[in-house]
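Step one of this worksheet: look at the structure below.
The values are calculated or read from the model by the stated rules, or taken from the named source; none is laboratory data. This one's a predicted model, so the numbers in the text were calculated from it and none came from an experiment. Note that each Cβ is placed from the backbone with ideal geometry, even for glycine, and that neighbours are counted across all protein chains shown. Accessible surface is based on the protein model in full, side chains and every heavy atom, while ligands, DNA and RNA are left aside. Shrake-Rupley method; radii C 1.70, N 1.55, O 1.52, S 1.80 Å.
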Amino acid sequence: TFNTGLDSSVKERIDPIAASQNATINYVRGDRSNEVQNGGTLRNRSSSVLGDIINSSPFYIKENNTVFVGSNDGMLHAFNAKTGVEQFAYIPSALLPRLKNLTDPSYKHQFYMDGEIVVTSKSQTDKKILLFGFLGRGSKGFFALDVTQPSAFQPGHVLWENDGSSDVDMGHVLGRPQIAKVKTSPTTQATVLVFGNGYNSSSGKAALYVYNTDGSLLRKLSTGLGRAENPNGMASPHLVTDSNGFLSSVYAGDLQGNVWKFNLSSDDPDEWDSAIKTGGNTTPLFTMQDPDGKFQPITAPISSYVNELVDDPHYGKRFVFFGTGKYMTTSDPANKDVQTMYGLIDDGNPITGRS
(Lines give C-alpha, C1' and ligand atoms only; values in the text may rest on other atoms or scores of the structure.)
Protein backbone atom coordinates (compact mmCIF):
# COMPACT_ATOMS: atom_id res chain seq x y z
CA THR A 1 0.00 0.00 0.00
CA PHE A 2 1.43 3.34 -1.05
CA ASN A 3 1.49 6.49 1.07
CA THR A 4 -1.36 8.42 -0.52
CA GLY A 5 0.37 11.71 0.24
CA LEU A 6 2.95 11.10 -2.51
CA ASP A 7 2.59 11.39 -6.26
CA SER A 8 2.89 7.95 -7.88
CA SER A 9 5.99 8.92 -9.90
CA VAL A 10 7.71 10.09 -6.70
CA LYS A 11 6.79 6.86 -4.94
CA GLU A 12 8.30 4.81 -7.74
CA ARG A 13 11.57 6.77 -7.65
CA ILE A 14 11.76 6.26 -3.88
CA ASP A 15 10.79 2.58 -3.96
CA PRO A 16 11.88 0.51 -7.01
CA ILE A 17 9.99 -2.51 -5.64
CA ALA A 18 6.78 -0.47 -5.64
CA ALA A 19 7.47 0.51 -9.25
CA SER A 20 7.89 -3.15 -10.19
CA GLN A 21 4.69 -4.10 -8.39
CA ASN A 22 2.79 -1.29 -10.09
CA ALA A 23 4.05 -2.43 -13.50
CA THR A 24 2.94 -5.99 -12.73
CA ILE A 25 -0.52 -4.81 -11.69
CA ASN A 26 -0.92 -2.75 -14.85
CA TYR A 27 0.34 -5.64 -16.99
CA VAL A 28 -2.17 -8.08 -15.50
CA ARG A 29 -4.92 -5.50 -16.05
CA GLY A 30 -4.06 -5.48 -19.75
CA ASP A 31 -1.56 -2.63 -20.16
CA ARG A 32 0.87 -3.58 -22.96
CA SER A 33 3.13 -0.53 -22.88
CA ASN A 34 5.84 -2.30 -20.86
CA GLU A 35 6.02 -5.40 -23.04
CA VAL A 36 9.38 -6.06 -24.75
CA GLN A 37 7.85 -5.49 -28.18
CA ASN A 38 6.89 -1.98 -27.05
CA GLY A 39 10.29 -1.08 -25.61
CA GLY A 40 9.69 -2.42 -22.11
CA THR A 41 11.01 -5.38 -20.13
CA LEU A 42 7.89 -7.50 -19.63
CA ARG A 43 6.83 -10.63 -21.52
CA ASN A 44 5.19 -10.14 -24.91
CA ARG A 45 1.60 -11.24 -25.37
CA SER A 46 0.43 -12.04 -28.85
CA SER A 47 -3.03 -11.02 -30.04
CA SER A 48 -4.89 -10.92 -26.73
CA VAL A 49 -4.32 -10.08 -23.08
CA LEU A 50 -6.81 -12.79 -22.04
CA GLY A 51 -5.05 -15.81 -20.56
CA ASP A 52 -5.54 -19.28 -21.99
CA ILE A 53 -8.67 -21.17 -20.93
CA ILE A 54 -7.97 -24.88 -20.54
CA ASN A 55 -9.80 -26.79 -17.81
CA SER A 56 -12.26 -24.19 -16.52
CA SER A 57 -15.56 -24.80 -18.35
CA PRO A 58 -17.56 -21.64 -19.15
CA PHE A 59 -20.72 -21.26 -17.07
CA TYR A 60 -23.65 -19.28 -18.47
CA ILE A 61 -26.24 -17.69 -16.16
CA LYS A 62 -29.42 -16.86 -18.02
CA GLU A 63 -30.86 -14.69 -15.23
CA ASN A 64 -28.17 -12.03 -15.58
CA ASN A 65 -26.95 -12.92 -19.09
CA THR A 66 -23.37 -13.50 -18.01
CA VAL A 67 -20.70 -16.04 -18.92
CA PHE A 68 -18.14 -16.88 -16.23
CA VAL A 69 -14.86 -18.66 -16.89
CA GLY A 70 -11.45 -19.02 -15.29
CA SER A 71 -8.26 -18.45 -17.25
CA ASN A 72 -4.56 -18.86 -16.70
CA ASP A 73 -3.93 -15.14 -16.36
CA GLY A 74 -5.02 -15.70 -12.74
CA MET A 75 -8.56 -14.38 -13.11
CA LEU A 76 -12.14 -15.47 -12.98
CA HIS A 77 -13.73 -13.43 -15.78
CA ALA A 78 -17.37 -12.34 -16.05
CA PHE A 79 -18.46 -11.44 -19.60
CA ASN A 80 -21.73 -9.97 -20.79
CA ALA A 81 -23.07 -12.81 -22.93
CA LYS A 82 -24.63 -10.45 -25.48
CA THR A 83 -21.86 -7.89 -25.98
CA GLY A 84 -18.75 -9.78 -24.84
CA VAL A 85 -17.80 -6.85 -22.60
CA GLU A 86 -16.11 -7.89 -19.36
CA GLN A 87 -18.21 -7.02 -16.29
CA PHE A 88 -15.49 -7.75 -13.76
CA ALA A 89 -12.48 -9.99 -13.11
CA TYR A 90 -11.53 -11.53 -9.77
CA ILE A 91 -8.13 -12.83 -8.68
CA PRO A 92 -8.15 -15.29 -5.75
CA SER A 93 -5.71 -14.31 -2.99
CA ALA A 94 -3.82 -17.61 -3.29
CA LEU A 95 -2.69 -16.60 -6.79
CA LEU A 96 -1.48 -13.07 -6.04
CA PRO A 97 2.13 -14.01 -5.16
CA ARG A 98 2.54 -15.75 -8.53
CA LEU A 99 1.20 -12.99 -10.79
CA LYS A 100 4.71 -11.60 -11.28
CA ASN A 101 5.65 -14.82 -13.08
CA LEU A 102 3.31 -13.86 -15.93
CA THR A 103 5.51 -10.85 -16.76
CA ASP A 104 8.78 -12.80 -17.09
CA PRO A 105 9.99 -12.97 -20.75
CA SER A 106 11.26 -16.51 -20.04
CA TYR A 107 7.89 -17.57 -18.61
CA LYS A 108 6.90 -21.20 -19.09
CA HIS A 109 3.20 -22.00 -18.93
CA GLN A 110 1.68 -22.34 -15.47
CA PHE A 111 -1.85 -23.03 -14.28
CA TYR A 112 -3.65 -20.32 -12.33
CA MET A 113 -7.45 -20.00 -12.26
CA ASP A 114 -7.92 -23.37 -13.94
CA GLY A 115 -10.70 -25.09 -12.00
CA GLU A 116 -14.42 -25.60 -12.46
CA ILE A 117 -17.24 -23.24 -11.53
CA VAL A 118 -20.63 -24.04 -10.02
CA VAL A 119 -23.46 -21.58 -9.42
CA THR A 120 -26.61 -21.59 -7.30
CA SER A 121 -30.03 -20.36 -8.37
CA LYS A 122 -31.90 -17.64 -6.49
CA SER A 123 -34.32 -20.22 -5.15
CA GLN A 124 -31.44 -22.13 -3.55
CA THR A 125 -29.68 -19.24 -1.80
CA ASP A 126 -32.13 -16.62 -0.55
CA LYS A 127 -32.72 -14.73 -3.83
CA LYS A 128 -29.00 -14.42 -4.53
CA ILE A 129 -26.86 -16.09 -7.18
CA LEU A 130 -23.69 -17.45 -5.61
CA LEU A 131 -20.69 -18.62 -7.62
CA PHE A 132 -18.19 -21.11 -6.22
CA GLY A 133 -14.88 -21.28 -8.07
CA PHE A 134 -12.07 -23.80 -7.69
CA LEU A 135 -8.48 -23.14 -8.70
CA GLY A 136 -7.99 -26.67 -10.04
CA ARG A 137 -4.43 -27.22 -11.21
CA GLY A 138 -3.58 -23.66 -10.15
CA SER A 139 -3.84 -24.18 -6.39
CA LYS A 140 -5.80 -25.99 -3.69
CA GLY A 141 -8.17 -23.12 -2.94
CA PHE A 142 -11.79 -22.24 -3.66
CA PHE A 143 -13.95 -19.21 -3.08
CA ALA A 144 -17.48 -17.81 -3.16
CA LEU A 145 -18.78 -14.68 -4.90
CA ASP A 146 -22.18 -13.01 -4.97
CA VAL A 147 -22.76 -12.62 -8.72
CA THR A 148 -26.42 -11.62 -8.60
CA GLN A 149 -25.58 -8.36 -10.44
CA PRO A 150 -22.23 -8.74 -12.22
CA SER A 151 -22.31 -5.22 -13.66
CA ALA A 152 -22.39 -3.81 -10.11
CA PHE A 153 -19.77 -6.16 -8.62
CA GLN A 154 -17.90 -4.69 -5.64
CA PRO A 155 -15.25 -6.00 -3.19
CA GLY A 156 -18.04 -6.72 -0.71
CA HIS A 157 -19.41 -9.34 -3.10
CA VAL A 158 -16.37 -11.52 -2.38
CA LEU A 159 -18.00 -13.65 0.31
CA TRP A 160 -15.15 -15.88 1.44
CA GLU A 161 -12.02 -17.74 0.39
CA ASN A 162 -10.52 -21.04 1.48
CA ASP A 163 -6.92 -21.66 0.44
CA GLY A 164 -6.87 -25.22 1.78
CA SER A 165 -3.68 -24.60 3.77
CA SER A 166 -5.18 -25.61 7.12
CA ASP A 167 -6.62 -28.93 5.88
CA VAL A 168 -4.20 -31.78 5.16
CA ASP A 169 -6.85 -33.62 3.13
CA MET A 170 -7.54 -30.74 0.71
CA GLY A 171 -5.99 -31.27 -2.71
CA HIS A 172 -6.27 -29.83 -6.18
CA VAL A 173 -9.96 -30.22 -7.02
CA LEU A 174 -10.12 -30.87 -10.76
CA GLY A 175 -13.73 -31.94 -11.39
CA ARG A 176 -16.93 -29.96 -11.09
CA PRO A 177 -18.41 -29.72 -7.56
CA GLN A 178 -22.14 -30.25 -7.04
CA ILE A 179 -24.87 -28.21 -5.36
CA ALA A 180 -27.37 -30.12 -3.24
CA LYS A 181 -30.10 -29.73 -0.64
CA VAL A 182 -29.60 -31.61 2.62
CA LYS A 183 -31.45 -32.04 5.89
CA THR A 184 -29.48 -30.69 8.87
CA SER A 185 -32.10 -31.46 11.55
CA PRO A 186 -35.71 -32.72 11.62
CA THR A 187 -36.87 -29.14 10.94
CA THR A 188 -34.02 -27.46 9.03
CA GLN A 189 -32.31 -27.81 5.69
CA ALA A 190 -29.37 -26.27 3.87
CA THR A 191 -27.97 -25.77 0.40
CA VAL A 192 -24.48 -27.25 0.31
CA LEU A 193 -21.44 -27.70 -1.90
CA VAL A 194 -20.33 -31.32 -2.39
CA PHE A 195 -16.98 -32.30 -3.90
CA GLY A 196 -14.16 -34.82 -3.77
CA ASN A 197 -10.92 -33.68 -2.16
CA GLY A 198 -8.93 -33.94 -5.39
CA TYR A 199 -5.22 -34.69 -5.71
CA ASN A 200 -1.82 -33.94 -4.17
CA SER A 201 -3.18 -33.40 -0.66
CA SER A 202 -0.67 -33.46 2.19
CA SER A 203 -2.25 -36.56 3.73
CA GLY A 204 -2.61 -38.44 0.43
CA LYS A 205 -6.05 -39.72 1.49
CA ALA A 206 -9.33 -39.71 -0.45
CA ALA A 207 -12.21 -37.79 1.12
CA LEU A 208 -15.62 -36.28 0.38
CA TYR A 209 -16.44 -32.71 1.46
CA VAL A 210 -19.80 -31.13 2.25
CA TYR A 211 -19.50 -27.35 2.73
CA ASN A 212 -22.16 -24.83 3.71
CA THR A 213 -22.55 -21.93 1.29
CA ASP A 214 -21.23 -19.60 4.03
CA GLY A 215 -17.85 -21.33 3.77
CA SER A 216 -18.11 -23.46 6.91
CA LEU A 217 -17.39 -27.18 6.73
CA LEU A 218 -20.52 -29.19 7.42
CA ARG A 219 -18.91 -32.62 7.14
CA LYS A 220 -15.79 -34.30 5.80
CA LEU A 221 -16.02 -38.04 5.11
CA SER A 222 -12.55 -39.55 4.79
CA THR A 223 -12.08 -43.03 3.40
CA GLY A 224 -8.84 -43.30 5.34
CA LEU A 225 -7.27 -44.86 2.27
CA GLY A 226 -4.03 -43.40 0.93
CA ARG A 227 -0.89 -41.83 2.29
CA ALA A 228 1.72 -39.33 1.14
CA GLU A 229 4.03 -42.10 -0.19
CA ASN A 230 1.14 -43.74 -2.08
CA PRO A 231 -1.25 -40.85 -2.69
CA ASN A 232 -4.95 -41.17 -3.26
CA GLY A 233 -7.63 -38.60 -4.07
CA MET A 234 -11.35 -38.48 -4.75
CA ALA A 235 -12.92 -37.44 -8.05
CA SER A 236 -16.14 -35.51 -8.68
CA PRO A 237 -19.13 -37.06 -6.93
CA HIS A 238 -22.39 -38.33 -8.37
CA LEU A 239 -25.37 -37.32 -6.24
CA VAL A 240 -28.58 -39.27 -5.71
CA THR A 241 -31.62 -37.46 -4.28
CA ASP A 242 -34.82 -38.74 -2.72
CA SER A 243 -38.38 -38.01 -3.88
CA ASN A 244 -38.32 -34.66 -2.04
CA GLY A 245 -35.10 -33.50 -3.66
CA PHE A 246 -32.88 -34.04 -0.61
CA LEU A 247 -29.46 -35.61 -1.03
CA SER A 248 -29.62 -39.27 -0.01
CA SER A 249 -26.44 -40.91 -1.26
CA VAL A 250 -23.20 -40.09 -3.08
CA TYR A 251 -21.00 -42.18 -5.38
CA ALA A 252 -17.40 -41.21 -6.13
CA GLY A 253 -14.27 -42.90 -7.44
CA ASP A 254 -10.69 -42.48 -6.29
CA LEU A 255 -7.19 -42.57 -7.71
CA GLN A 256 -6.56 -46.09 -6.39
CA GLY A 257 -9.46 -47.67 -8.24
CA ASN A 258 -12.17 -47.68 -5.59
CA VAL A 259 -15.85 -46.74 -5.97
CA TRP A 260 -17.25 -45.38 -2.72
CA LYS A 261 -20.86 -44.97 -1.67
CA PHE A 262 -21.85 -42.60 1.12
CA ASN A 263 -25.20 -42.41 2.93
CA LEU A 264 -26.26 -38.79 3.56
CA SER A 265 -29.97 -39.41 4.11
CA SER A 266 -30.02 -38.73 7.86
CA ASP A 267 -31.25 -35.36 9.15
CA ASP A 268 -28.22 -35.40 11.49
CA PRO A 269 -24.96 -34.73 9.56
CA ASP A 270 -23.00 -36.47 12.31
CA GLU A 271 -24.66 -39.70 11.19
CA TRP A 272 -23.55 -39.40 7.56
CA ASP A 273 -21.20 -42.25 6.81
CA SER A 274 -20.04 -44.83 4.32
CA ALA A 275 -23.01 -46.83 3.03
CA ILE A 276 -20.91 -49.98 2.67
CA LYS A 277 -19.41 -51.58 5.77
CA THR A 278 -17.53 -54.80 6.35
CA GLY A 279 -17.07 -55.76 9.99
CA GLY A 280 -17.98 -52.19 10.93
CA ASN A 281 -15.23 -50.74 8.73
CA THR A 282 -15.64 -48.43 5.74
CA THR A 283 -15.45 -50.52 2.57
CA PRO A 284 -15.51 -49.60 -1.15
CA LEU A 285 -18.50 -50.71 -3.18
CA PHE A 286 -15.98 -52.13 -5.66
CA THR A 287 -12.25 -51.94 -6.39
CA MET A 288 -11.12 -51.82 -10.03
CA GLN A 289 -8.22 -53.94 -11.25
CA ASP A 290 -7.16 -54.78 -14.78
CA PRO A 291 -6.59 -58.40 -15.87
CA ASP A 292 -3.01 -58.20 -14.54
CA GLY A 293 -4.13 -57.06 -11.10
CA LYS A 294 -3.13 -53.38 -11.50
CA PHE A 295 -5.44 -50.88 -9.83
CA GLN A 296 -7.33 -48.70 -12.32
CA PRO A 297 -7.74 -45.04 -11.33
CA ILE A 298 -11.11 -43.28 -11.49
CA THR A 299 -10.87 -39.55 -12.16
CA ALA A 300 -14.17 -38.86 -13.96
CA PRO A 301 -17.69 -38.64 -12.51
CA ILE A 302 -19.93 -41.67 -12.14
CA SER A 303 -23.50 -41.95 -13.47
CA SER A 304 -26.37 -44.14 -12.31
CA TYR A 305 -30.04 -44.94 -12.68
CA VAL A 306 -32.63 -47.15 -10.98
CA ASN A 307 -33.72 -50.15 -13.04
CA GLU A 308 -37.46 -49.81 -13.71
CA LEU A 309 -37.90 -52.91 -15.89
CA VAL A 310 -40.46 -54.91 -13.93
CA ASP A 311 -39.60 -58.19 -15.67
CA ASP A 312 -35.89 -57.83 -14.96
CA PRO A 313 -34.49 -59.78 -11.98
CA HIS A 314 -32.67 -56.58 -10.93
CA TYR A 315 -35.83 -54.46 -10.85
CA GLY A 316 -35.53 -51.57 -8.39
CA LYS A 317 -31.76 -51.86 -8.05
CA ARG A 318 -29.39 -49.04 -8.89
CA PHE A 319 -27.09 -49.46 -11.86
CA VAL A 320 -23.77 -47.56 -11.63
CA PHE A 321 -21.62 -46.72 -14.67
CA PHE A 322 -18.14 -45.23 -15.11
CA GLY A 323 -14.81 -45.58 -16.88
CA THR A 324 -11.28 -45.74 -15.50
CA GLY A 325 -8.13 -43.85 -16.46
CA LYS A 326 -6.40 -40.55 -15.78
CA TYR A 327 -4.76 -37.74 -17.72
CA MET A 328 -3.13 -35.39 -15.24
CA THR A 329 0.55 -36.24 -14.84
CA THR A 330 3.48 -36.02 -17.25
CA SER A 331 3.71 -39.82 -17.52
CA ASP A 332 0.02 -40.34 -18.38
CA PRO A 333 0.17 -39.78 -22.18
CA ALA A 334 2.58 -42.69 -22.59
CA ASN A 335 0.78 -45.00 -20.14
CA LYS A 336 -0.68 -48.06 -21.88
CA ASP A 337 -2.22 -49.83 -18.89
CA VAL A 338 -5.58 -51.41 -19.67
CA GLN A 339 -8.54 -49.20 -18.74
CA THR A 340 -12.13 -50.37 -18.57
CA MET A 341 -15.77 -49.29 -18.79
CA TYR A 342 -17.77 -50.71 -15.88
CA GLY A 343 -21.39 -51.29 -15.02
CA LEU A 344 -22.18 -52.25 -11.41
CA ILE A 345 -25.41 -53.35 -9.77
CA ASP A 346 -25.60 -51.84 -6.30
CA ASP A 347 -27.61 -54.04 -3.98
CA GLY A 348 -26.10 -52.56 -0.82
CA ASN A 349 -23.25 -55.05 -0.50
CA PRO A 350 -19.60 -54.86 -1.54
CA ILE A 351 -18.87 -56.37 -4.94
CA THR A 352 -15.92 -58.72 -5.19
CA GLY A 353 -14.10 -60.08 -8.21
CA ARG A 354 -13.99 -58.90 -11.82
CA SER A 355 -16.09 -60.87 -14.25
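Values for this structure:
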{"read-out": "Condition check for Asn22: at pLDDT below 95, more than 30 Å from Ala300 (Cα to Cα) and over 30 Å from the mean Cα position of the chain (by Cα)", "value": "yes"}
{"read-out": "Failed condition for Asn258, given (1) open to solvent by 20 Å² or more (accessible area, probe 1.4 Å); (2) within 30 Å of Arg137 (Cα to Cα); (3) not hydrophobic (A, V, I, L, M, F, W, C)", "value": "(1)"}
{"read-out": "Failed item in (1) in contact with an Asp or Glu (Cβ under 9 Å, 6 or more places away or on another chain); (2) farther than 16 Å from Tyr60 by Cβ; (3) surrounded by 17 or more Cβ atoms within 10 Å (Cβ to Cβ), with Phe111 passing the rest", "value": "(1)"}
{"read-out": "Residues of the range 58-100 classified as free of Cβ contacts under 8 Å to residues at least 24 places away in the same chain and in contact with a Lys or Arg (Cβ under 9 Å, 6 or more places away or on another chain), total", "value": "3"}
{"read-out": "Residues of the range 184-222 classified as part of a loop (DSSP other than H, G, I, E, B), in contact with a strand residue (DSSP E or B) (Cβ under 9 Å, 6 or more places away or on another chain) and either farther than 22 Å from Phe134 by Cα or among the hydrophobic types (A, V, I, L, M, F, W, C) (or both), total", "value": "2"}
{"read-out": "Given (1) crowded, with 20+ Cβ neighbours inside 10 Å; (2) within 21 Å of the chain's Cα centre (by Cα), index of the condition Trp272 fails", "value": "(2)"}
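Yes/no matrix, rows are residues, columns are (1) crowded, with 21+ Cβ neighbours inside 10 Å; (2) under 20 Å from Leu239 (Cα atoms); (3) at pLDDT below 95:
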{"site": "Gly164", "(1), (2), (3)": "yes, no, yes"}
{"site": "Val173", "(1), (2), (3)": "yes, yes, no"}
{"site": "Arg176", "(1), (2), (3)": "no, yes, yes"}
{"site": "Lys181", "(1), (2), (3)": "no, yes, no"}
{"site": "Thr191", "(1), (2), (3)": "no, yes, no"}
{"site": "Phe195", "(1), (2), (3)": "yes, yes, no"}
{"site": "Tyr199", "(1), (2), (3)": "yes, no, no"}
